[in-house]
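Read through the structure below, which is laid out as structure tokens, and then see the notes.
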Amino acid sequence: MKNRRITGIQLGIWIITATIGPIIFVSDGNWFCVLLWGMGISFLVWSAMRFGQHWDGVIYNLIQCLWLSVLLARLLPYSAECWPTGERTFPVVPLVLLALASVSALKGCKCTAGGIGVLFWIIVFLLGIIIFAGLPRLSGKYLIPSIGTIKAPMLLTFLLPAAAGFLPREKTGKLPFIIVVALNAGAAIWISGILSPEIADAMPWPFYDAAKSVYLLDVAKRLESLVSVAVTVGNYAMHSLLLCAVKSIGDKFQRGREAVVSATVISAALMLLDAVVDPGILVIVSAILWIFLPLLGILKRKDNE
């Protein structure tokens, strides 16, 4: 069983890669608020993954699988929306990514983690080009810290790594969560420095719009297409993380394959039916299922001892 566990390095790379897509898609220019909230939530997530204890029982695990399916259905449209077009078309890209993630999950978490390690460097290369090209356009007057509101989708990006708590893995270090916070704050700084916080707040996808205004060596244009590719790759990593979490839960009852197939069908159906769940509800329920209950499980474990 030990050789099937994901190493700490693999887990860290997977967490970072899986959160990059949502981060780039929902990030805005309020970097100071993102930093404060991110440190608090990420600490709780790390604590739940490091010390928490998920509860036993069919009903508890079924609820977790269903919630992972609902969350996956809510994230799937990001893969289509990150390719802005003039009209809404059939969600081919999300369904293809979902199918690929499902096949990958069926092969096993260890195998999937190895593939994510390659995708990590692809995203780093693509986003590295864009961020480097935008550095000369940063304006210091837009980077003054200010307290404001933070949107629910941004809070969700800090909670998503907690899904890795279901995977067979080594102990979780702090570094991946620190990097996730840094990525969130760094993306917000890059956006606000180019667009200004006020303009960024009025745009549906400010990182994409900021990328439209940067050039590489005064030659390369249309760098926003690289943003779409990076977000698509990151979304696949997140889809595979959620489905591998479902498989790990199903494996407790020797039903891992059936659980992945069921979650895939449920997620695809919810997306096609356009069953929208409010981001605030996603944050609250995810925090309860992935932070509160596992931490509460520590008390349960102590009582049993």
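None of the figures in this text is laboratory data; all of them are computed from the coordinates on show. Since the model is a prediction, treat every value here as computed from it, not as a measurement. Virtual Cβ from ideal backbone geometry, glycine too; neighbours counted across all protein chains shown.
For the chain, the Cβ-based charge dipole about the Cα centre amounts to some 1020 debye (Lys, Arg positive; Asp, Glu negative; other atoms uncharged).
Segment 220-266 and segment 132-208 have Cα centres lying 21 Å from one another. P(r) tail, segment 49-124: Cα-Cα pairs separated by more than 15 Å, 72% of all pairs. When you filter the trypsin sites (Lys or Arg not before Pro) in segment 191-275 for DSSP loop state and at most 11 other Cβ atoms inside 10 Å of their Cβ, you are left with LYS221, ARG222.
Let me know the longest stretch in the chain that avoids all chymotrypsin sites (Phe, Trp or Tyr not before Pro) found in a DSSP loop with at most 16 other C-beta atoms within 10 Å.
56-214
For the chain, the longest principal axis of the Cα atoms and the long axis of helix 293-304 meet at an angle of about 30 degrees. Over segment 2-292, the fraction of Cα-Cα pairs per 10 Å bin, rounded to whole percents and listed from the shortest bin up, is 7, 29, 37, 21, 6, 1.
Hydrodynamic analysis of segment 6-154 uses the Kirkwood radius over alpha carbon pairs. Inserted into Stokes-Einstein at 4 °C and 1.567 mPa s, it gives a translational diffusion coefficient of 70 µm²/s.
Between ILE6 and ARG169, GLU170, the built amide H atoms are under 5 Å apart, and every one of these is 5 or more places off in sequence or on another chain. Taking every DSSP helix (H) stretch of at least 4 residues in the chain, weighting each as -39,500 (n - 2.57) and dividing the sum by the residue count yields a mean residue ellipticity at 222 nm of -22500 deg cm²/dmol.
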